[in-house]
Amino acid sequence: AKLDSSLDFDVLIIGGGQSGMYSLHRMRQLGLKTRLIEAGSGEGGTWFWNRYPGARFDSESYSYIFSFDQSLLDEWNWTEHFAGQAETLSYCQFFAKKYKLHEDMQFNTRVSSAQWREDSHSWLVTDDAGKTYSARFLITAMGILNQPTLPNIPGVNDFKGAGFHTSRWPADASAITGKRVGIIGTGATAIQTIQEIKKTVGSLTVFQRTPNWTAPLRNTKITPEDMEDIRRSYPTIFQNCLDSYSCFIHRADSRSVFSVSEEEREKHWEQLYSQAGFSKWLSNFYDINTDKAANELFSKFIAKKIRERVDDPAIAEKLIPKNHGFGTRRVPLEGGYYEAYNQPNVTLVDINENPIERIHEKGIKTKDQDFEFDVIIYATGFDAITGSFRAVDFRGVGGKKLIDEWADGIQTYLGLTVNGFPNMFMIMGPHQMFGNIPRSIEYAVGWVADFIEYAVTNNIEVAEATEEGKQAWTKHVHECAVGLLANEVDSWMTGVNKNVAGKQTRSIARYNGPAPGYRKRCDDVKARGYEDMRLVRGS
Ligand code: NA7
C-alpha cells in the first residue's frame, strides 16, 4: 500500500476492527486524509486476535453485518446462524477489500501515546517505533475487550510448558491435541474453548472460581436457500435490532414472571430453552433482569437443566452458580459444555474449596493437589472497556491523562467524547451503548462521521464536550443503571477485574438504558447543531 510520507492527517483512527474499518470508510467518503493504525498484522480486531478453538458469535450472524450498503448485504453470504471466528474474520477481510481500506491501513503498529496540542489544535500520535503522526481528529476504535489479563497467581511466569491467554492462541493447531491441558477461567471464552477442545485433548482440568449461568446456543448451518430468505429479511432484521433494548433481534417480553401461572411459565421457559441464541435471556419475562424473586425462579429452571445434563450430582452442584442469578452477568452460550464434565478425562477443580497456591515449572499446585500440564490456557478475560485507554497514554488539554481523569469514576459525554480531550471521539468507549456491538458501532461511527462532516464544513477547529454536558451525561448514565440486577454483581460489565489494580470495585462502565433512548439523545444533540458542545471556529 502506498502511504503518504508526511504523516500529517485530517483523521487518525486507532484500531482495525469493525469500528475502525467503518470509520475509515466514512472518513474517506468525506474526502478526508485518513490513516488507520492497527497493532495486529491484519484487520478484524476481536476476530483477528481471538482464534481459540470454538470462538464464535453468540448473536445471529446476520445481525452482525453492517447495514449501510445494500451491495454488501447482496454480496456476503453467511454459512452458519452463529458464525465461527474463521468465517467472521473472512467477513472482515471481505469488508476491507470491498472498500479498498488497505490503502489507508497501517498494520503491525501499536499506538503508544496521543497528545492534544493546543497551539496547533491537533493530536500528536506516537507509535511504538517512535514515529509521530499529526491529526486534526482522533478516533479511538480500540474495542472493549482487547487487553488480555493473566491471573494474579504467584508463579504465573514460571510454567515451562506452553502457557497462553485465549486471545493469543498459538498458530499451531496441534498445540493441545493429546496433551495434558489445564484451563483457568469459566467465562464465555472458557466455555466456548472447553466444549471444543474436550474433543482432542488428552486430559483437561478446569479451574473454576465462579460458575456462570449458560444456555444452549443451538447453532445450525445456513443453506444457500436460507441465505436468500435472510437477505430478503434484512430490513426486518435491522428494524428489530433498532427497536430492541440492546440491539439484538430477539423481541422483549413485557410480561412479568408473576403474571402467568406456574404451568404457563414452565411451558414458556421450555420453549425458550429449545430456541437458538440469546432468546432465553432477552425474550424472557422482563422482570428476570430486575426482580430478585423472578430471577430466582428462572435460575432454578436452568439449574434443573444443568442437573439433568451432568452425570455426577456433586459436579453439577459445583457448576450451578450460587451467588448471582441468571443473566446478571453476560450469559455464555454453549453446545455440549456440561457434557464435557461427563468425560472421564475432564476434571473440575473448584478453586474456592481447593485454592490455587501457585503456578510452577510443571503445572499448578493447589492446596490439595499438584497438577502437571503440557499446556495451561488462561481464559482469564480482559481489562475491559477502560483497559484500551490505559494501554495508550492519552493526554488532553494541559497534559491531563485520560485514565487518571476516570480514576474516581468514568465521566464522558454521550460515551463518545470527554471534555478536555478536544477533537477526540471514542467508538465503543465507556458509557456507550454496547449490546449487540456491531449495531452500536454502526450508529456511533455514523454520529461521529456526521459530526466531523459538520465540523469540516463549518470550519470548526476545536470541538469538545462541556463540563456541564459531561456531568449531565454521566448522571444520566448512572440513573439508567439503577434497578438492574446486573449492576449488583461483579463482572467485566460492571468494571471489575480482580487482576487489575484499580478495578477491585464496581463502576458504571456502560450505558444501561435502552438503545433507542441512547440514540434519541445523541440524535437530539445533532439536531440542535451540536450547540451543547464547545465549538471553536477557525479564523
Ligand atoms: P470473563 O468473562 O471476564 O471471564 C474470565 C474468567 O476467568 C472468569 O471465570 C474469572 O473468574 C476467571 N479468572 C480471572 N482471573 C482469575 C484468577 N486470578 N483466578 C481464577 N480465575 C480467574 O472473560 P471471557 O474472555 O470469558 O469473556 C469476555 C467477553 O468476551 C465475554 O463476555 C464475551 O462478550 C466475549 P471470576 O468470574 O472473576 O471469578
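We did not get these values from a lab; they are worked out from the coordinates using the rules stated. If you're wondering where the values come from, they're calculated on a predicted model, not measured in any experiment. Counting neighbours? That spans all protein chains shown, and the Cβs are built from the backbone with ideal geometry, glycine included.
Taking only DSSP H segments of four or more residues, each worth -39500 (n - 2.57), what value at 222 nm results for the chain once the sum is divided by all its residues, to the nearest 500 deg cm²/dmol? All intermediate terms of the calculation are to be shown ahead of the outcome.
Working: 16 runs with 170 residues, N = 539.
The helix contribution divided over the chain gives -9500 deg cm²/dmol.
Hey, fewest Cβ within 10 Å first, where do Met493, Met424, Met21 land in order?
Working: Met493 20, Met424 23, Met21 27.
Ordered by Cβ neighbours within 10 Å, fewest first: Met493, Met424, Met21.
Take Lys292, project a point 7 Å from its Cα along the Cβ direction, then tell me which residues of region 456-488 have their backbone nitrogen under 20 Å from it.
It comes to 481-488, nothing else.
Using only Cα atoms, find the angle between the long axis of helix 292-309 and the longest principal axis of the chain, and express it within 0 to 90 degrees, rounded to the nearest 10.
The answer is roughly 50 degrees.
Using the 10 angstrom Cβ neighbour count as an exposure proxy, how do Arg521, Arg265, Arg232 rank, fewest first?
Fewest-to-most Cβ neighbours within 10 Å comes out as Arg232, Arg521, Arg265.
For Met227 and Tyr273, FRET efficiency with R0 = 25 Å and r from the beta-carbon atoms, rounded to 0.05?
On the way: r = 27 Å, r/R0 = 1.08.
So the FRET efficiency works out to roughly 0.40.
So which trypsin sites (Lys or Arg not before Pro) in region 296-343 end up in coil per DSSP with only 11 or fewer other C-beta atoms within 10 Å?
When the trypsin sites (Lys or Arg not before Pro) of region 296-343 are filtered for loop state and at most 11 Cβ neighbours within 10 Å, Lys322 remain.
What does the C-alpha gyration tensor say about the overall shape of region 401-514? Classify as rounded when a/c is under 1.5, otherwise prolate if a/b is larger than b/c, or oblate.
The shape class here is prolate.
Computed over the Cα atoms of the chain, what is the convex hull's projected area averaged over all directions, in nm²?
25.1 nm²
For a label point 7 angstrom out from the Cα of Lys498 toward its Cβ, which stretches of region 127-164 have the backbone nitrogen within less than 13 Å?
Within reach of a label on Lys498, which here means backbone N under 13 Å from a point 7 Å along Cα→Cβ, region 127-164 contributes 151-154.
Using only Cα atoms, locate the centre of region 7-60 and the centre of region 222-241, then give the distance between them in Å, rounded to an integer.
Between the Cα centre of region 7-60 and that of region 222-241, the gap is 25 Å.
Just to verify a number: FRET efficiency for Gln471 and Lys526, C-beta to C-beta distance, R0 = 22 Å, to 0.05?
Details: r = 20 Å, r/R0 = 0.93.
After rounding, the FRET efficiency stands at 0.60.
Which entries in Lys400/Lys526; Lys401/Lys470; Lys160/Lys498; Lys100/Lys131 show an alpha-carbon gap greater than 20 Å?
From Lys400/Lys526; Lys401/Lys470; Lys160/Lys498; Lys100/Lys131, over 20 Å: Lys400/Lys526; Lys160/Lys498; Lys100/Lys131.
Largest first and to the nearest Å, give the Cα extent of region 102-207 along each principal axis.
Ordered largest first, region 102-207 gives principal extents of 61, 35, 25 Å.
Can you sort Asp243, Asp383 from fewest to most other Cβ atoms within 10 Å of each residue's own Cβ?
Details: Asp243 14, Asp383 21.
The most exposed by this proxy come first: Asp243, Asp383.
For region 331-404, what size does the Cα cloud have along each of its three principal axes, sorted from largest down, in whole Å?
Principal-axis extents of region 331-404 (Cα, largest first): 60, 33, 24 Å.
What shape does region 142-284 have by the C-alpha gyration tensor, where a ≥ b ≥ c are the square roots of the eigenvalues, rounded means a/c under 1.5, and otherwise prolate means a/b greater than b/c and oblate the rest?
prolate
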